[in-house]
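K.L.:
Pasting a structure here, questions to come.
Read-outs: derived from the displayed coordinates by stated rules, not from any lab. Please read these numbers as outputs of a predicted model, since none were measured by experiment. Cβ sites come from the backbone with ideal geometry, for glycine too, and all protein chains shown count toward neighbours.
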Amino acid sequence: MSRNPNSHLRRRFLGLQTVAASPAAIFPLLCPVREYEWIPGWDCRMVYSESGLAEPGCVFQTDREADGGVDTWVISRHEPNRRIAFVRVNALRAMHYEIDLEALDTTSTRLTWRQTVTALNEAGNRHVAALEESDFLEMVARIETLLEEFLSKAG
């Protein structure tokens, strides 16, 4: 076990989206249960939620080999229509996601995605070193497109 906190690689990523909908329309969709409605292939296992939906302290898991296996997600911040944050941990790394929603006008919202990824061990250092900003930005753009498509059909 390393006693040097600087021996663990950390990377930060930032992405922006503009979605043609209000924060009130978008925010409820940033939920592990509601994501089944608009993200093709989404799969999670709800571990704990008093309401059955996203809320402070909600815990769920995903399992994707490319991400390092089983991830446990905890909603660490839940401010309806303003901000949601997740702590996501697996055997390789700990990740903090924060998504801020800002109304630009009555019909559009800017979403700011912040991701901080910290390796937990040597294998995690290799995993984090291999992360590409372009992949993160591509994921943010894909989510923007999926949100736009879903909301245009729902509206």
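K.L.:
Can you compute 3J(HN,Hα) from phi for each residue in segment 45-58, using the Karplus curve 6.51 cos²θ - 1.76 cosθ + 1.60 with θ = phi - 60°, rounded to whole Hz and x for Gly and Pro?
P.N.:
With the stated coefficients, segment 45-58 comes to 10, 6, 9, 7, 6, 5, 8, x, 10, 4, 6, x, x, 4 Hz.
K.L.:
A further question on this structure: Below 8 Å between Cα atoms, with a sequence gap of 6+, how large is the relative contact order for the chain in percent?
P.N.:
It rounds to 28 percent for the chain.
K.L.:
If you split all Cα-Cα distances of segment 3-46 into 10 Å bins from zero, what percentages do you get per bin, shortest first?
P.N.:
That works out to 19, 31, 27, 18, 5, in percent per bin.
K.L.:
Farthest toward the dipole's positive end in segment 1-154, which of PHE13, SER108, PRO40, given Cβ charges of +1 (Lys, Arg) and -1 (Asp, Glu) about the Cα centre?
P.N.:
PHE13
K.L.:
Semi-axes of the chain's equivalent ellipsoid from the Cα gyration tensor, sqrt of 5 times each eigenvalue, largest first, rounded to whole Å?
P.N.:
Working through the eigenvalues yields semi-axes of 28, 17, 14 Å.
K.L.:
Have a look at THR118, TYR97, PRO23 and report the one farthest towards the positive end of the charge dipole of the chain, computed about the Cα centre with Cβ charges (Lys/Arg +1, Asp/Glu -1).
P.N.:
Highest projection toward the positive end goes to THR118.
K.L.:
With +1 on each Lys and Arg Cβ and -1 on each Asp and Glu Cβ, how big is the dipole of segment 64-115 about its Cα centre, in debye rounded to the nearest 20?
P.N.:
Magnitude of the dipole: close to 120 debye.
K.L.:
Using only alpha carbon pairs under 8 Å that are at least six residues apart, calculate the relative contact order of segment 34-85 and give it in whole percent.
P.N.:
In percent, rounded to a whole number, it is 25.
K.L.:
Assigning unit charges at the beta carbon (Lys, Arg +1; Asp, Glu -1) and nothing else, what dipole magnitude in debye, to the nearest 20, does segment 66-155 show about its Cα centre?
P.N.:
So the magnitude is around 300 debye.
K.L.:
Under 20 °C and 1.002 mPa s, how fast does segment 25-91 diffuse according to Stokes-Einstein, given a Kirkwood radius computed over C-alpha pairs? Answer in µm²/s, whole number.
P.N.:
Translational diffusion coefficient: 175 µm²/s.
K.L.:
Here is a further query. Would you mind counting up the charge near PRO23? Only other residues with Cβ under 12 Å from its Cβ, with Lys and Arg at +1 and Asp and Glu at -1. Let's see the in-between values first.
P.N.:
On the way: positive: ARG82, ARG83, ARG110; negative: GLU79, ASP100, GLU102, ASP105.
Around PRO23, the surrounding residues sum to -1.
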